[in-house]
Amino acid sequence: MKMKLYTFLVISIASIPLFVSAGGLRNAFGANSPLNTVANQAGVQDVGDVQTVAGRIINTALTLVGIIFLLLMVYGGYMWMTARGNEEQVTKAQKIIYGTVIGLVVVLSAYAITVFVTRKLGG
């Protein structure tokens, strides 16, 4: 299992330059480039530059994190409300809620740091 994960990470990191280099090819040959002609014939639509695609991916990931946060909070609250005096279940519900809040704080902090750094580097 670890070997598959390491292989995936190495391939992912090694392929980053390919995606970055491809971002500048759109206008490399001008408006009537052979690349545009082939893309139009193949029916490929322009999805935008690398920053736009990365922004969409980040927004989608943050939306999923928000949904997971909401579901875990509702689940933890439901467990707590239906514990009926069972201290073990109350403790389990508190751990779920506590872990969920910490996870959300970590994700939002990482996002805030990323936004701060990219704005400072971007100008």
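General observations
- Check on Ala31, at pLDDT below 85, in a helix (DSSP H, G or I) and of a type in the set (Gly, Ala, Ser): no
- Annotation for region 113-122: no member residue is surrounded by 13 or more Cβ atoms within 10 Å (Cβ to Cβ), touching a helix residue (DSSP H, G or I) at 6+ places or on another chain (Cβ under 9 Å) and not small (Gly, Ala, Ser).
- Among the residues of region 84-123, those identified as within 19 Å of the chain's Cα centre (by Cα) and aromatic (Phe, Trp, Tyr) are Tyr111, Phe116.
- Answer residue from region 63-88, given it is hydrophobic (A, V, I, L, M, F, W, C) and either in contact (Cβ under 8 Å) with a residue 60 or more places away in the chain or over 19 Å from Ile102 (Cα atoms) (or both) and is surrounded by the fewest Cβ atoms within 10 Å (Cβ to Cβ) among those: Met81
The values are calculated or read from the model by the stated rules, or taken from the named source; none is laboratory data. Keep in mind that what you see is a predicted model, and the values were worked out from it rather than measured. Here the Cβ is made from the backbone with ideal geometry for all residues, glycine too, and neighbour counts use every protein chain on show.
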